[in-house]
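Each value in this text was obtained by applying a stated rule to the coordinates, not by laboratory testing. Quantities reported herein were computed from a predicted structural model and do not represent experimental measurements. For neighbour counting, all protein chains shown are included, and Cβ atoms are generated from backbone atoms with ideal geometry for every residue, glycine included.
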Amino acid sequence: MNESRPPVYQHVPVAAGCPNSSESYLSLAMEVALMGMGQQRVMPEGLYAQDKVCRNEEQLLSRLQELQLDDELVQTLQKQCILLLEGGPFSGLGEVIHRESVP
């Protein structure tokens, strides 16, 4: 009856009149999501707050999995991975991860 289809995301140029800008709102949104998930954060103390943090990250991951990766999104992913690997102790991909950080 009511089948739910995943949303169709498309690239909308940020600056339509600017020929040098190849960024889209979709690539910028993906970049911001990856930045937020790649930072180390201390887990909140309360159980409700911990559950909320985990649920929000799970929702964000499921949204990211819905994306169809094209060349522009792969370049964005590569750029963020390089920045995370070079990010040092504040990066989720750094050598040292704080034991109380959010997974």
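Give, in nm to one decimal, the length gained when the segment between L83 and L47 is fully stretched (0.36 nm per residue of separation minus the Cα-Cα distance). Walk me through the numbers on the way to the answer.
Working: separation 36, 0.36 × 36 = 12.96 nm, distance 3.18 nm.
Gain on stretching L83 to L47: 9.8 nm.
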* To the nearest 0.05, how large is the calculated FRET efficiency for S22 and N56 if R₀ is 22 Å and r is the Cβ-Cβ distance? -> 0.15
* Asked: Assuming R0 = 25 Å, what is the FRET efficiency of Q68 and L93, from their Cβ-Cβ distance, to the nearest 0.05?
  -> 0.55
* To do: For every other residue with a beta carbon closer than 15 angstrom to the beta carbon of K52, add +1 if it is Lys or Arg and -1 if Asp or Glu, then tell me the sum.
  => -2
